[in-house]
Structure formats: C-alpha cells, structure tokens
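Report on one structure; see the data block that follows.
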Amino acid sequence: MYSLNLDTNAFLTDYWQKKPLLIRNAFPNFEEIISPDELAGLACEEEISSRVVITKNNDWQICQGPFEDYDKFGDSHWQLLVQALNHWHPDSADFINAFRFIPDWRFDDLMASFATPHGGVGAHIDNYDVFIIQGEGQRHWTVGEKGQYAAKNNDPTTPLIEGFEPIIDVVLEKGDMLYIPPGYPHQGQTLTTAMSYSIGFRAPSQQELFSGLADGLIDSNTGLKRFTSTSEPSIANQVSLSHQQDMMALITDLASDPHSYQTMLGCILSQNRFELDLCEPDVPYTAEMLIEDIEQGAELNRIGGLKLLQLENDSIDRVFINGEAFEHSTNITTDIALLANQFSFDSQQTQELTQNKDTLTMILTLLNRGYFYLG
C-alpha cells in the first residue's frame, strides 16, 4: 500500500490550484511502481502511448513509440515517457488510490518516466495540475511564478518557453513529491539515471463544454427553441444589442437547465483521453456462468483507468462510464455507488453485490463490455 504523507485538507485549502508545493518524503519507504525493463516493454506495444524525448543543445527532439530497442539513444540526454500507465499496469491501482482525495472526474492519467543523466523536456507550462513523484535516482526541478513568458524560438505552437526565475529550486530524492498547479512554468533535469511518475488532473475547457453541449442536443434532438423578438431595429443591416443579448440568453437558458447539461457533463467527464485495456470475454457471460464463478471464489475487478461517475442531484438514476450513461433502477442505488467508489471486490463482496438481480444485470453488462473482469 502507498501511504501519502500529506495533510490533504490543508493542501486543498492552501495549495490546490493556488501555488506549487514541495513535499519531502511524501511517500515514506517508496517502492517503485514499475521496473525500467517493464516500462521499456510496455513502450514496445502499439496501443500504448509512449515517446522518447532527446535533449539537445538548446532544443529537444521527440520520437513517438512504439520502440523496438533503445541502444540508438545512447547513455545520456534522453528519457522515455509512457502515458496512462494505470491502464496497463494493475499494480499501480494502490498508488492511484492515494490521490483520490481529489475527485475521480479530474483524474487524467499516471505517466511514468525513465530518464538518463541530462535528460529533460525543457522549461514549459502545463494547463493541468500535476504531482511529480521521484522514484530511484535524482532529478533537479525548478518552478517559476505565473506570468507571461516568451515561447521557445518564437514558436506559438510549443508549450516550451525561453526561461524563468525559480521560486522552487530543488533536487528530488526517492519518495519526494512536487505539486505544480496549471500555469506555473517548470523544468526538470535528470542528475542520475532515474525513475519518476506524474499524476495529472484536468478540467474541461469552454470549447470542450460548448462542443459537448452541442453534440448532446443534436443526439437528443433537443434545444430546438428559436429566437423571437417584439421589436426590430430601424436600420436594415444592423443586429441590435437587444437581439444579440436575447440570442445568447437562449444558450444561457440551456446551460442553466440540468436536463440539458447533466448528460453532457457526465459523458465528457467520464471519458478517457487514452486507450483502455478492455477485457472483453471470449464468450459473453451469462448469469449462470457468473454465479458459478463467484461460488468458486472469483473476485470482481475494474480495469485500470475506467471512470464510473455519478452526478449529485442527477435527474435520472444512472452512472456514467467511459462517455456513456447507464440507467439503473432506484433499488440498486447503493450498489451502484459501491461499484463507482471501489476498484476491486473480494469474493464475499462480489457475492453480496450479485444477490440483487438488477445489480447482477449491471455487473454482467460491465463484464461483457470489458470494463470489469473476474480474478
């Protein structure tokens, strides 16, 4: 088990999305989540998002995976990054659990890094919250203050910047953690061959919310109310201010109506940016097959990275899973909340869940979708 040495209430009050923080010995006696060889093996897989960043003089080169070998990169000035480790490495579940004092809908992924000396990605700014946890080895990190910074090489498309004055300047040791909110420039450089991990948390942008709302209205064939007016401008080519405001009020009305936005929010926030390692059975489970397996001691497990979200005061009894709404009967609300809150269930818990036929039906659906699996 990974125990986080942090006063989470104080952190959420004083630092979360406000200012960066260094936490020494955040994970006492930290154990590596994955070995360098295992990480390199995952980066050989086509479906896994990986890249090697090569540090050059005043520049960087990115090579996208998969990778067959790493000899061509040499002994220094590069690092391997593997995204969504939690989707492919079940042993990372306990580590993820340590960060669930932040809501699941914000969680993006766990990224793992193997870096050689002098490897790094340069000074840059992210638009998401990130916790950086040091494994074996040492990395030197600097963090700057929020502000306006020149883009690297005057390239407006790059997240890299020319540089900054550090407000945090530190060498991370095994078990240390650095929290960096959105908008704060930072840079890491590897001092000795090192493993490190990044936990990212994202929130939707205005573009994503508007796009999701529009898609939802189209799918449900709603939002058909048109603009009407009681007066017209005297100038034929003019769109009056009152007409502009009344048209935008149509959007405001939709955005304030839970029936219009709740489905959109549940679908958007439960989706994953990275591919899931679905465990669809070769032969679809039936109730009889499932009950037999449970009687023989089967345990129920959620695949890595899958989000099961519920909306407070939702207008419908449902749970959102991987961008889709699953409605359920009111009598299994407690069971659904349990399924959404836990990653795994031992054989006794699984047996108790399947006593209700409606819960059993939901579990069958999740198993046959490949979202859950029996162990």
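Some points to look at:
For (1) under 20 Å from the mean Cα position of the chain (by Cα); (2) surrounded by fewer than 12 Cβ atoms within 10 Å (Cβ to Cβ); (3) among the charged types (D, E, K, R), each residue gets a yes or a no:
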residue: LEU6; (1), (2), (3): no, no, no
residue: TRP16; (1), (2), (3): yes, no, no
residue: LYS19; (1), (2), (3): no, no, yes
residue: ALA26; (1), (2), (3): no, no, no
residue: LEU85; (1), (2), (3): yes, no, no
residue: LEU110; (1), (2), (3): yes, no, no
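- The stretch 239-262 residues that are over 18 Å from LEU209 (Cβ atoms), paired with ones that are in a helix (DSSP H, G or I) and not charged (D, E, K, R) (beta carbon under 9 Å, 6 or more apart): VAL239/MET247
- The single condition among (1) without any contact (Cβ under 8 Å) to a residue 60 or more places away in the chain; (2) of a type in the set (A, V, I, L, M, F, W, C); (3) touching a His at 6+ places or on another chain (Cβ under 9 Å) that MET289 does not satisfy is (3).
- Qualifying residue in the stretch 215-229 (condition: touching a residue at least 60 places away in the same chain (Cβ under 8 Å) and either in a strand (DSSP E or B) or not polar (S, T, N, Q) (or both)): no
- Candidates PHE326, PHE343: the one that is among the aromatic types (Phe, Trp, Tyr), open to solvent by less than 50 Å² (accessible area, probe 1.4 Å), in contact with a strand residue (DSSP E or B) (Cβ under 6 Å, 6 or more places away or on another chain) and under 30 Å from HIS89 (Cβ atoms) is PHE326.
- Count of the stretch 184-207 residues which are open to solvent by 20 Å² or more (accessible area, probe 1.4 Å), over 24 Å from GLN271 (Cα atoms) and not in a strand (DSSP E or B): 3
- Unmet requirement for ARG100, which otherwise passes all of (1) open to solvent by 40 Å² or more (accessible area, probe 1.4 Å); (2) at pLDDT below 95: (2)
- For VAL130: the one exception among (1) at pLDDT below 95; (2) open to solvent by less than 30 Å² (accessible area, probe 1.4 Å); (3) not in a loop (DSSP other than H, G, I, E, B): (1)
The values are calculated or read from the model by the stated rules, or taken from the named source; none is laboratory data. Nothing here was measured: the structure is a model prediction, and the numbers come from that model. Cβ coordinates were reconstructed from backbone atoms using ideal geometry, including for glycine residues, and neighbour counts include every protein chain displayed. In case anyone asks, the SASA skips ligands and DNA or RNA and just uses the protein heavy atoms, side chains included. Shrake-Rupley method; radii C 1.70, N 1.55, O 1.52, S 1.80 Å.
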